[in-house]
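Colleague: Handing you a structure now.
The values are calculated or read from the model by the stated rules, or taken from the named source; none is laboratory data. Treat the numbers as computed from the prediction; the structure is a model and nothing was measured. As a convention, Cβ positions derive from the backbone with ideal geometry for all residues, glycine included, and neighbour counts pool all protein chains shown. Only protein heavy atoms, including side chains, enter the accessible area calculation; ligands, DNA and RNA are left aside. Shrake-Rupley method; radii C 1.70, N 1.55, O 1.52, S 1.80 Å.
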Amino acid sequence: MRAFRPSLIQRTFAQGSRRSLSSASLSRVSALHPVAPTRTQRVAPSRAFIQSKKTALVRHCSCQRAMCRSHGAADISGGMHVTQGRVVLPTNVKPVHYDLTLEPNLEDFTYKGTVIIDLDVVDDTTSISLNTLEIDIHSTKVTSGSTLISSSPKLSYNEDTQTTTVSFDKTIPAGSKAQLTQTFTGILNDKMAGFYRSSYKGSNGETKYIATTQMEPTDARRSFPSFDEPALKASFTITLVADKHLTCLSNMDVAAEKEVDSAFGAGKKKAVTFNKTPLMSTYLLAFIVGELKCIETNNFRVPVRVFATPDKDIEHGKFSVELAAKTLDFYERTFDSKFPLPKMDMVAIPDFSAGAMENWGLVTYRVVDLLFDEKTSGASTKQRIAEVVQHELAHQWFGNLVTMDFWDGLWLNEGFATWMSWYSCNAFYPEWKVWESYVTDNLQSALSLDSLRSSHPIEVPVKRADEINQIFDAISYSKGSCVLRMISKYLGEDVFMEGVRRYLRKHAYGNTSTSDLWAALGDASGKDVEKVMDIWTTNVGYPVVSVTEDAKSSSIHVKQNRFLRTADVKPEEDQTLFPVFLGVRTKDGVDEEVTLSGRESNFKLGDLDFFKINADHSGIYRTSYSPERLQKLGQAAKKGLLTVEDRAGMIADAGALAASGYQKTSGILGLLQGFTDETEFVVWDEITTRIATIRNAWIFEEEPVKEALKSFQRTLVSDKAHKLGWHFEESDGHIEQQFKSLLFGSAALAGDQRIIDAAFEMFQKFCAGDRKAIHPNLRGAVYSIVLQNGGEKEYDAILNEYRTAKNSDERNTALRSLGRAREPSLIQRTLALPLSDEVKEQDIYLPLGGLRTHTAGIEALWKWMRDNFSTLEAKLPPGLSMLSSVVQICTSSFTKDEQKKEIEDFFKTRSTKGFDQGLAQSLDAVRAKSNWLKRDNEDVQEWLKKNGYFGKQAEGRL
C-alpha cells in the first residue's frame with residue numbers, strides 16, 4: 001500500500017513544515033501511504049508547502065485468550081525479538097480455500113454473505129478459531145468429508161482479539177479435511193475499512209454509491225469470517241451478486257455469470273463468479289460493485305484497465321493505464337518472473353484512506369493518485385502518480401507473490417516497493433533524475449523520523465492488530481528503501497537484482513522473513529549480507545559520523561555515535577555499532593570499500609585537499625565535519641567537484657546537525673549564503689527546506705528575528721526566482737517546471753513584492769473567467785499568496801473553487817490552501833470544514849495543514865482539536881490511523897516547553913491507544929525545537945545582525 005504519504009508526514013511532524021511555498025508540490029497528493037503520507041505525498045518542489053498543507057494518511061494479539069497461541073521466541077538480539085509476545089490464531093487447522101459469496105445492498109448499506117472454508121486439520125481438534133469484526137453470523141456448519149460434525153456448534157466471541165471460536169463435541173482427527181460453512185451479514189460501513197461504501201455525485205447532483213474494499217492490514221475480518229493473518233495463505237473463489245447494470249470486479253477475471261434471486265427480495269440479479277485465485281493472503285483480497293467507466297490498453301500480454309465512477313473523465317486514466325502496461329512488462333523482465341494473474345485492473349475510489357492499495361490484480365487508488373489531466377495538473381502531480389502506480393505494481397511480486405510472514409516484516413513489502421518505484425521511474429523517465437531527488441526525499445524522510453527517540457526499528461515487534469497501522473510510516477517505507485539502496489550500492493546493482501530474482505523464485509506463493517532476503521542476496525554475491533545488514537533492520541536509529549583530520553599523516557579519524565535530534569543521547573542508547581559504508585570521494589574517484597566497523601578508526605587518504613564522506617549519500621547517517629572542512633566543501637561545490645546528491649546531502653546534514661546542537665545554526669546560514677550561484681533544482685529544494693525548517697522552529701519568537709530570517713530568505717532566492725521566471729513554455733522540461741514553481745513560491749513566502757503582485761494579477765484574471773491565467777504548476781502557490789495577503793474576497797473565491805472545480809487535484813489544492821488565511825473569522829471558517837459534510841472523511845486533514853504555517857493557526861488548531869476530541873475519536877477510530885494523523889497535525893508545530901506540557905496534560909487522562917507512537921513523535925519534535933531555540937537563539941540573532949538582515953523592510957504580509 002502507498003501510504004498517503006509517509007515520507008512527507010514524518011518529516012513534517014518531525015521538523016515542522018518541511019518545505020517552502022510551492023504549488024507544484026501542492027498539486028501532488030504521500031501519506032499516504034499517511035499519510036498516508038501517504039506520500040501517500042513527491043520529489044516535487046517545495047515540500048515544505050505541501051507538508052504544511054497535508055499529512056500522509058497511513059494505512060492500514062493479546063495473550064488473554066486461551067484459544068490463541070503466543071508466538072514466543074528466543075531473544076537473539078539483546079532485546080525483544082520481533083516474534084516475542086505475538087499472539088496469533090492457533091495452528092490446529094489451516095485454511096486451504098475460501099468460496100465466498102456476497103450481495104451488497106447499496107440502498108440500506110448492508111450486505112449478506114456465505115463463506116465455505118476448506119481446511120486442513122493439523123492437530124486433533126474440537127474447535128476452530130478465526131477472525132471476525134462487526135459481522136453477525138447467522139448459521140454455522142462443520143463437516144469433515146461426508147461426516148457432519150455439527151450443524152449448530154457453540155460460538156464464542158472475544159472482542160479484544162476480534163476472534164470467533166467455533167466449538168463442537170466430535171473430534172476431527174489430525175490429517176483430515178474439514179469444511180466450515182457460515183452465513184453472515186455485515187454493514188457497508190463509512191470507515192474506509194473492510195467492505196465499505198464510497199460516494200460520488202450523479203449527473204443530477206444526487207449522491208450515489210459503490211461498494212469497495214480495503215483489507216490491509218487486518219480488515220478482511222471486517223468483511224467476512226477469515227483466518228486474517230498474512231502467513232495463512234489460501235485460494236479464493238469469489239461470487240458477487242448485484243443489479244445487472246452494475247460492474248463487478250475482483251482479483252481474478254470472470255469465470256461465469258448467471259441470473260439469481262436476490263437474497264434481499266429485490267427480484268432478479270446477476271451472480272458474477274470469478275476464477276480461483278492463486279495462494280494469497282487475506283489482506284490482498286478485493287471486490288468492488290458499482291457503476292464504473294473503463295479505459296483499457298492491450299500493450300501488455302494481459303489486459304490492463306483503469307476504472308472510475310461516472311462523474312470522472314475516464315480519459316484521465318490514459319497516462320496510468322499505459323504506464324502500468326509498460327511497468328508490468330519491465331518488472332517481468334527485471335524479475336525474470338511472469339505476472340501470474342490474467343488481468344490487471346486499477347480503480348479510482350472516491351473515498352480512500354491511503355494513497356493506494358496493491359490488491360493482487362485489482363489495485364485501488366485515491367482518485368488523485370490515478371487520474372491525471374495534463375491540462376489542469378502540474379509536473380509534480382504526474383511524477384507522484386507515476387511513483388504510486390509503479391510502487392503498487394512492484395507489490396504484485398514483492399508482497400503479493402512473496403509475502404512477509406507477519407507485520408513486523410512490513411518493510412519487506414513497503415521498502416522494496418518504494419525502492420523499486422524509484423528504480424523503474426528512473427528507467428522510464430531518466431530526464432526526471434529521480435535518484436538525485438531521492439537524497440532530499442526518501443533519505444531525509446527516513447533520517448528525520450529516525451532521529452527521534454520515539455522512532456522504532458525497521459523490524460518492529462507487533463503484538464496486536466491496533467498496533468499495525470502505526471508502523472506504516474517513514475521507517476518501513478523510506479528507511480526500508482534506503483537500506484535496500486545502500487545494499488544495492490554495496491553489492492552492485494546487477495548482483496543485487498540477481499539476488500532479488502533468486503528470492504522471488506525460491507519463495508513464490510510463500511511467506512518470508514528478512515533473513516530470507518539476506519540469504520538470497522548472500523547467495524548471489526558470495527558475501528555475508530545478513531551479518532552486515534541485520535544490524536540496520538533490528539536496531540532503532542542511525543549514527544552521526546564525526547570526521548577529524550591529521551594533516552601530518554594525511555589521514556582522517558572517523559567516529560560514530562547515535563544521533564538524536566534532541567541532542568541528549570544517553571550512554572545506554574549509544575551501544576549499537578553500525579557497519580558504516582564511508583564511500584570516500586576524492587579527486588581520484590569514490591572508494592566504496594572503506595567501511596567503519598567499530599566505534600572509531602583512522603583511514604589514510606592520499607590527499608586531504610579534497611575529500612568527502614558518504615559519496616552521493618547512499619549511506620544512512622549524518623556526517624559532521626569541522627567548520628573549516630565544511631567551508632572547503634562549499635568551495636569544492638563551486639568548483640564542480642561534488643555531485644548534485646553530494647551538495648544537497650551536505651546541506652541536509654549541516655541543517656540537521658545545527659538543529660540538534662552538533663554545530664551552530666549560524667554555520668548553516670553561512671553555508672546557504674554561499675549557494676546563491678547554485679544551478680540545480682534538487683539542491684535548491686534542500687536549501688529552501690533548511691530555511692523553512694529554521695523559520696518554523698522560530699515561528700513563536702519575536703517579530704524582529706522572524707522578519708530578519710524572512711529577509712535572509714528573500715535575499716537568497718529572489719534573484720534566482722526572477723531570473724528563472726514564472727512563465728511556462730512548451731519547451732520547459734519536467735525539472736525546469738518544478739524549479740520555477742519552487743522558487744516562485746519560496747520567494748513569495750519571503751515577501752517578494754514583485755511575485756506577490758504577479759500572483760494577484762493571475763488570480764484576478766482567473767476569477768474573471770480566464771482559467772488559464774494560473775498555470776497548474778503555480779496554482780497552489782498563487783492561492784496561498786492571495787490568502788495570506790488578501791481577505792474574505794479571496795477566501796470566498798478559493799472556497800468556491802473547492803466546491804465547483806472539475807477534478808480532485810484542483811479541489812484538493814484549493815482546500816489545502818484555505819488555512820493560509822489569518823483573519824480570525826477566516827480561521828474559524830476553515831476549522832468548520834473538516835467535520836462538515838463538505839469534506840470527505842479521507843480529506844479531513846487537508847484544510848488543517850495550512851493553519852500550521854502561522855501562530856494564530858497553530859494555536860487555533862490545538863484548541864479545535866481539544867474542543868472536538870470526542871467527536872474526532874468517534875469519527876476516526878484509533879485503529880484506522882487517521883486520528884493519529886490529525887493529532888500530529890494539531891500538536892507538532894509548537895516550539896516551547898510550556899506548549900509541550902499543555903499537550904502532555906491534555907492526553908494524560910485520555911487513552912492514546914492507536915496513536916501513542918504518533919503523539920510521542922510530536923512531543924519529541926517539540927522538545928527538539930525547544931532545545932534548539934535555547935541553544936542557538938542568540939547565535940542566530942547575532943549572525944543576522946552581523947550580515948545586515950535586521951531592520952530590512954519586509955514586503956507583503958507573508
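Colleague: Among the candidates 167, 203, 176, which residue alone is modelled with pLDDT under 95 and not acidic (Asp, Glu)?
Modeller: Working: 167 fails: modelled with pLDDT under 95; 176 fails: modelled with pLDDT under 95.
None of the other options fit; the residue is 203.
Colleague: Here's something else I'd like to know. Just to be sure I understand the filter: pairs with C-beta atoms under 8 Å, separated by 6 or more residues or on different chains, first member in the range 911-923 and under 14 Å from residue 872 (Cα atoms), second member part of a loop (DSSP other than H, G, I, E, B) and open to solvent by 10 Å² or more (accessible area, probe 1.4 Å). Which pairs pass?
Modeller: 914/877
Colleague: Just to verify a result, which residue in the range 291-304, among those that are surrounded by 19 or more Cβ atoms within 10 Å (Cβ to Cβ) and within 14 Å of residue 362 (Cβ to Cβ), is nearest to the chain's Cα centre (by Cα)?
Modeller: Among residues in the range 291-304 that are surrounded by 19 or more Cβ atoms within 10 Å (Cβ to Cβ) and within 14 Å of residue 362 (Cβ to Cβ), the one nearest to the chain's Cα centre (by Cα) is 304.
Colleague: Here's something else I'd like to know. Within the range 797-833, restricting attention to residues that are more than 24 Å from residue 316 (Cα to Cα), not in a helix (DSSP H, G or I) and not acidic (Asp, Glu), which residue is nearest to the chain's Cα centre (by Cα)?
Modeller: 833
Colleague: Surrounded by fewer than 24 Cβ atoms within 10 Å (Cβ to Cβ), in contact with a helix residue (DSSP H, G or I) (Cβ under 8 Å, 6 or more places away or on another chain) and over 23 Å from residue 518 (Cα atoms): does that describe residue 467? Write out each step before concluding.
Modeller: On the way: surrounded by fewer than 24 Cβ atoms within 10 Å (Cβ to Cβ): yes; in contact with a helix residue (DSSP H, G or I) (Cβ under 8 Å, 6 or more places away or on another chain): no; over 23 Å from residue 518 (Cα atoms): yes.
Judged against the criteria, residue 467 is not a match.
Colleague: Next up: Run down 805, 773, 832 and say which single residue is modelled with pLDDT under 95 and surrounded by fewer than 20 Cβ atoms within 10 Å (Cβ to Cβ).
Modeller: Details: 773 fails: modelled with pLDDT under 95; 832 fails: modelled with pLDDT under 95.
From the options 805, 773, 832, the qualifying one is 805.
Colleague: Name the single residue that is modelled with the highest pLDDT among those in the range 835-856 being small (Gly, Ala, Ser) and crowded, with 24+ Cβ neighbours inside 10 Å.
Modeller: 850
Colleague: Next question. Does residue 787 count as in a helix (DSSP H, G or I), open to solvent by less than 40 Å² (accessible area, probe 1.4 Å) and either farther than 28 Å from residue 675 by Cα or of a type in the set (Asp, Glu) (or both)? Don't jump to the end; show me each part of the working.
Modeller: Working: in a helix (DSSP H, G or I): yes; open to solvent by less than 40 Å² (accessible area, probe 1.4 Å): yes; either farther than 28 Å from residue 675 by Cα or of a type in the set (Asp, Glu) (or both): yes.
It is true that residue 787 is in a helix (DSSP H, G or I), open to solvent by less than 40 Å² (accessible area, probe 1.4 Å) and either farther than 28 Å from residue 675 by Cα or of a type in the set (Asp, Glu) (or both).
Colleague: Restrict the check to the range 936-947 and report whether at least one residue is more than 20 Å from residue 697 (Cα to Cα) and at pLDDT below 95.
Modeller: Step one: list which residues in the range 936-947 are more than 20 Å from residue 697 (Cα to Cα), which gives 946-947.
Pick out the ones that are also at pLDDT below 95 and you get none.
For the range 936-947, residues more than 20 Å from residue 697 (Cα to Cα) and at pLDDT below 95: absent.
Colleague: Kindly indicate whether any position in the range 872-882 is over 27 Å from the mean Cα position of the chain (by Cα) and surrounded by fewer than 24 Cβ atoms within 10 Å (Cβ to Cβ).
Modeller: Within the range 872-882, none of the residues are over 27 Å from the mean Cα position of the chain (by Cα) and surrounded by fewer than 24 Cβ atoms within 10 Å (Cβ to Cβ).
Colleague: For the range 196-232, what are the residues that are open to solvent by 10 Å² or more (accessible area, probe 1.4 Å) and either among the aliphatic types (A, V, I, L, M) or touching a helix residue (DSSP H, G or I) at 6+ places or on another chain (Cβ under 9 Å) (or both)? Break it down stepwise before answering.
Modeller: First pass over the range 196-232, keeping only residues open to solvent by 10 Å² or more (accessible area, probe 1.4 Å): 197, 199-209, 218, 221-222, 229, 231-232.
Result: 218, 221, 229, 231, 232.
Colleague: For the range 360-477, give me every one of the helices (runs of 4 or more DSSP H) that falls completely inside it and has 1 or more residues that are closer than 30 Å to residue 726 by Cβ. Don't jump to the end; show me each part of the working.
Modeller: Numbers: elements: 379-395, 410-428, 434-438, 444-449, 465-468.
Qualifying helices (runs of 4 or more DSSP H): 379-395, 410-428, 434-438, 444-449.
Colleague: Any idea which of (1) polar (S, T, N, Q); (2) crowded, with 16+ Cβ neighbours inside 10 Å; (3) over 23 Å from residue 280 (Cβ atoms) is the one residue 146 doesn't satisfy?
Modeller: (2)
Colleague: Looking at this structure, is residue 170 out of contact with any Phe, Trp or Tyr (no Cβ under 6 Å at 6 or more places or on another chain), basic (Lys, Arg) and under 30 Å from residue 808 (Cα atoms)?
Modeller: Values: out of contact with any Phe, Trp or Tyr (no Cβ under 6 Å at 6 or more places or on another chain): yes; basic (Lys, Arg): yes; under 30 Å from residue 808 (Cα atoms): no.
Taking the combined requirement at face value, the residue does not satisfy it.
Colleague: In addition: Residues that are open to solvent by less than 10 Å² (accessible area, probe 1.4 Å), closer than 21 Å to residue 476 by Cα, within 13 Å of the chain's Cα centre (by Cα) and modelled with pLDDT of 95 or more: does the range 336-355 have at least one?
Modeller: No, the range 336-355 contains no residue that is open to solvent by less than 10 Å² (accessible area, probe 1.4 Å), closer than 21 Å to residue 476 by Cα, within 13 Å of the chain's Cα centre (by Cα) and modelled with pLDDT of 95 or more.
Colleague: Return the pair list, or none, for Cβ contacts closer than 6 Å from residues in the range 207-219 that are outside any strand (DSSP E or B) to residues that are open to solvent by 10 Å² or more (accessible area, probe 1.4 Å), at least 6 apart or on different chains.
Modeller: Every condition considered, the pairs that remain are 218/465.
Colleague: Within the bounds of the range 894-907, is there any residue that is closer than 21 Å to residue 467 by Cβ and either surrounded by fewer than 21 Cβ atoms within 10 Å (Cβ to Cβ) or touching a strand residue (DSSP E or B) at 6+ places or on another chain (Cβ under 9 Å) (or both)?
Modeller: Keep residues of the range 894-907 that are closer than 21 Å to residue 467 by Cβ, which gives 907.
Applying the additional criterion that residues be either surrounded by fewer than 21 Cβ atoms within 10 Å (Cβ to Cβ) or touching a strand residue (DSSP E or B) at 6+ places or on another chain (Cβ under 9 Å) (or both) yields 907.
Scanning the range 894-907, I find at least one residue that is closer than 21 Å to residue 467 by Cβ and either surrounded by fewer than 21 Cβ atoms within 10 Å (Cβ to Cβ) or touching a strand residue (DSSP E or B) at 6+ places or on another chain (Cβ under 9 Å) (or both), so the answer is yes.
Colleague: Could you list, in sequence order, the residues of the range 646-689 that are open to solvent by 30 Å² or more (accessible area, probe 1.4 Å) and within 12 Å of residue 437 (Cα to Cα)?
Modeller: Across the range 646-689, the qualifying residue is only 680.
Colleague: What's the number of the only condition in (1) surrounded by fewer than 18 Cβ atoms within 10 Å (Cβ to Cβ); (2) touching a helix residue (DSSP H, G or I) at 6+ places or on another chain (Cβ under 7 Å) that residue 494 fails to meet?
Modeller: With respect to (1) surrounded by fewer than 18 Cβ atoms within 10 Å (Cβ to Cβ); (2) touching a helix residue (DSSP H, G or I) at 6+ places or on another chain (Cβ under 7 Å), residue 494 is out only on (2).
Colleague: Considering only residues that are over 21 Å from residue 637 (Cβ atoms), part of a loop (DSSP other than H, G, I, E, B) and modelled with pLDDT of 95 or more, which ones fall in the range 571-608?
Modeller: 574, 575, 576, 577, 578, 579, 598, 599
Colleague: Take residue 930 and tell me if it is out of contact with any strand residue (DSSP E or B) (no Cβ under 9 Å at 6 or more places or on another chain), surrounded by fewer than 23 Cβ atoms within 10 Å (Cβ to Cβ), modelled with pLDDT of 95 or more and hydroxyl-bearing (Ser, Thr, Tyr). Give the steps one after another, and end with the answer.
Modeller: Details: out of contact with any strand residue (DSSP E or B) (no Cβ under 9 Å at 6 or more places or on another chain): yes; surrounded by fewer than 23 Cβ atoms within 10 Å (Cβ to Cβ): yes; modelled with pLDDT of 95 or more: yes; hydroxyl-bearing (Ser, Thr, Tyr): yes.
Answer is yes for this residue.
Colleague: Next up: Answer with yes or no whether residue 165 is buried (at least 17 other Cβ atoms within 10 Å of the Cβ) and part of a strand (DSSP E or B). Talk me through it step by step, then tell me what you get.
Modeller: Details: buried (at least 17 other Cβ atoms within 10 Å of the Cβ): yes; part of a strand (DSSP E or B): yes.
Answer is yes for this residue.
Residues checked against (1) of a type outside the set (A, V, I, L, M); (2) surrounded by 15 or more Cβ atoms within 10 Å (Cβ to Cβ):
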position	(1), (2)
530	yes, yes
533	no, yes
544	no, yes
551	no, no
557	yes, no
560	yes, yes
563	yes, yes
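Colleague: Residue 794 - would you say it is buried (at least 22 other Cβ atoms within 10 Å of the Cβ), at pLDDT 95 or above and part of a helix (DSSP H, G or I)?
Modeller: Values: buried (at least 22 other Cβ atoms within 10 Å of the Cβ): yes; at pLDDT 95 or above: yes; part of a helix (DSSP H, G or I): yes.
When the stated conditions are applied, residue 794 passes them.
Colleague: Could you go through the range 87-107 and let me know if any residue there is open to solvent by less than 60 Å² (accessible area, probe 1.4 Å), hydroxyl-bearing (Ser, Thr, Tyr) and modelled with pLDDT under 95.
Modeller: No: zero hits.
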